[in-house]
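Only one structure is covered here, and it is reproduced in the block below.
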Amino acid sequence: MKDLALAEAGKRKIEWANQQMPVLQSIRKQFIKERPLKDVRITACLHITSETANLAITLRDGGADVVLCASNPLSTQDEVAACLTKDYNIPTFAIKGEDNATYYAHLNAGLDHKPQITMDDGADLVTTLLTKRTDLVGNVLGGTEETTTGVIRLRAMAKDGTLKYPVIAINDALTKHMFDNRYGTGQSTIDGILRATNLLLAGLKVVIAGYGWCGRGVAMRAKGLGADVIVTEVSPLRALEAVMDGFRAMPMSEAAKRGDIFITVTGNKSVITAGDFEKMKDGAVICNSGHFNVEIDIGALERMSGSHRPARPFVEEYALRDGRKIYLLGDGRLINLAAAEGHPAAVMDMSFANQALSAEYLLKHFGELERQVYSVPEAIDRQIAKLKLESMGVQIDRLTPEQEQYLASWSEGT
Ligand SMILES: NC(=O)c1ccc[n+]([C@@H]2O[C@H](COP(=O)([O-])OP(=O)(O)OC[C@H]3O[C@@H](n4cnc5c(N)ncnc54)[C@H](O)[C@@H]3O)[C@@H](O)[C@H]2O)c1
């Protein structure tokens, strides 16, 4: 980690996040009593933020022996890494801005812990383990995966037989993607763009590539700030949904001419390419909130530019040979984590409650599980939703016995 002297600032940040994470707090209380993860070695490759710190502390309090490494070179909060190492005895291998070699050195340091459970956000840890550290596979009982992109990679591994242990897809839980991807990414992506640029969104044309869970959230928040939102999609269903939600949908080649700000959030590669840069207005701002920095063809932008230089922190100005300037935010990496603080704690509360309870589930059930990707059990999803509502002081109705019978019977209603 960068500097142990940052630990005090990290502690304040971790405690602040904890205040917003009541579901994880209640799981932590239960873990302290029951110690369900006693002596289990966990390596968690996640964004090193104050919310992740609270997950790591919860796992530790459940009895686990936890180490952390970063799942993204730009998302680490150095003060949090310092505090975890110094005050909580949780070794954390991560430095904000680390280069690719250091990033993988940190992943390997995490793997030296010989994990029995792996936690991933994007599947880099499991991929490294299964390709470069195969001697460790025998120790692993199971894993969890946080995000859409990681789940896609893991399902591809399971399909061709490469996956060597069961993994629970946290992203599949409704209490994850309906909230984290939509409300978390929606708000924090806009937050990252505003912190990096201080632009006034009202009146600007904001092009959002991908109208999935994340894209819907980003579009909703951009509209709320007065932007004129254009959506690009490859799925007819999602494009139709965008249109019925009141947005214009069109191909990127068309949107490229109109947009002031471009946000990719597809989980795909080469979504904005050289042909699109050719058409963009002078001053266009481009960024990505999808998992990997492959959605924008940065290589093409570099080749098309005479030079580039930093304009502000997290804003790189590319001077094109025809005189136009294009501004790339956060090196094309997740803008909400690069220029802001990632998702608010209140939403990570549910995602990480899924992580903690899924780790417990894996330990209880690993003997019954195949080398496949599993969804989070529905009972966990419901429990988390219930706890979250309780923490918000919200009560709801219950089915009466008569209603239960009505809903369960095909002959009722005639
Ligand atoms: N920034 C964050 O904090 C954060 C949080 C959660 C997920 N993610 C990442 O965001 C990405 C999207 O996640 P999601 O849950 O919204 O996925 P999703 O599958 O719900 O949505 C992705 C959408 O992109 C569309 N798409 C694919 N290729 C496209 C292309 N070339 N042009 C236009 N649209 C295209 C798909 O049709 C789909 O509708 C993933 O990489 C995920 O890992 C980021």
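I'm checking my understanding of the structure. Among residues of the range 285-332 that are within 23 Å of residue 46 (Cα to Cα) and surrounded by fewer than 22 Cβ atoms within 10 Å (Cβ to Cβ), which one is nearest to the ligand (Cβ to nearest atom)?
Here the residue is 292.
Return the residues of the range 355-370 that are charged (D, E, K, R) and under 27 Å from residue 47 (Cβ atoms); say none if nothing qualifies. Let's see the steps before the verdict.
Step one: filter the range 355-370 for residues charged (D, E, K, R), giving 360, 364, 368, 370.
Scanning the range 355-370 gives a single hit, 360.
Name every residue in the range 254-272 that is away from the ligand (no atom under 11 Å from the Cβ) and either over 20 Å from residue 203 (Cα atoms) or in a loop (DSSP other than H, G, I, E, B) (or both), in order of residue number. Can you show your working first?
First, pick out the residues of the range 254-272 that are away from the ligand (no atom under 11 Å from the Cβ): 254, 256-262.
Once the filter is applied, which keeps residues that are away from the ligand (no atom under 11 Å from the Cβ) and either over 20 Å from residue 203 (Cα atoms) or in a loop (DSSP other than H, G, I, E, B) (or both), the range 254-272 yields 259, 260.
Residue by residue through the range 273-284, note down the ones that are loosely packed, with under 14 Cβ neighbours inside 10 Å and over 20 Å from residue 201 (Cβ atoms). Break it down into steps so the answer makes sense when it comes.
Restricting attention to the range 273-284, the residues satisfying the condition of being loosely packed, with under 14 Cβ neighbours inside 10 Å are 274-275, 282-283.
Within the range 273-284, 274, 275 meet the criteria.
Tell me, yes or no, whether the range 30-41 has at least one residue that is out of contact with any strand residue (DSSP E or B) (no Cβ under 9 Å at 6 or more places or on another chain), closer than 28 Å to residue 390 by Cβ, open to solvent by less than 10 Å² (accessible area, probe 1.4 Å) and not small (Gly, Ala, Ser). Please lay out each step first, then the result.
First pass over the range 30-41, keeping only residues out of contact with any strand residue (DSSP E or B) (no Cβ under 9 Å at 6 or more places or on another chain): 30-36, 38.
Checking which are closer than 28 Å to residue 390 by Cβ leaves us with 30-36, 38.
Filter again for open to solvent by less than 10 Å² (accessible area, probe 1.4 Å), leaving 31.
Still in the running and not small (Gly, Ala, Ser): 31.
Taking every residue of the range 30-41 in turn, at least one turns out to be out of contact with any strand residue (DSSP E or B) (no Cβ under 9 Å at 6 or more places or on another chain), closer than 28 Å to residue 390 by Cβ, open to solvent by less than 10 Å² (accessible area, probe 1.4 Å) and not small (Gly, Ala, Ser).
In the range 171-184, which residues are open to solvent by 10 Å² or more (accessible area, probe 1.4 Å) and closer than 19 Å to residue 334 by Cβ? Working first, answer last.
Let us first name the residues in the range 171-184 that are open to solvent by 10 Å² or more (accessible area, probe 1.4 Å), namely 171-172, 174, 177-179, 182-183.
Answer for the range 171-184, where residues must be open to solvent by 10 Å² or more (accessible area, probe 1.4 Å) and closer than 19 Å to residue 334 by Cβ: 171, 177, 179, 182, 183.
Considering (1) over 15 Å from the mean Cα position of the chain (by Cα); (2) surrounded by fewer than 24 Cβ atoms within 10 Å (Cβ to Cβ), say which one residue 62 fails and leave the rest.
Against the list (1) over 15 Å from the mean Cα position of the chain (by Cα); (2) surrounded by fewer than 24 Cβ atoms within 10 Å (Cβ to Cβ), residue 62 comes up short only on (2).
Please work out which one of (1) touching a helix residue (DSSP H, G or I) at 6+ places or on another chain (Cβ under 6 Å); (2) within 30 Å of residue 268 (Cβ to Cβ); (3) open to solvent by 70 Å² or more (accessible area, probe 1.4 Å) is the condition residue 378 fails and give its number.
(1)
Can you work out which of the residues in the range 129-170 that are touching a strand residue (DSSP E or B) at 6+ places or on another chain (Cβ under 7 Å) and in a helix (DSSP H, G or I) is surrounded by the fewest Cβ atoms within 10 Å (Cβ to Cβ)?
Once the filter is applied, the top-ranked residue is 155.
The values are calculated or read from the model by the stated rules, or taken from the named source; none is laboratory data. What you see is a predicted model, and the numbers here were worked out from it, not measured in a lab. Reconstructed Cβ throughout: ideal geometry from the backbone, glycine too, with neighbour counts over all protein chains shown. Side chains included, ligands, DNA and RNA excluded: accessible areas come from the protein's heavy atoms. Shrake-Rupley method; radii C 1.70, N 1.55, O 1.52, S 1.80 Å.
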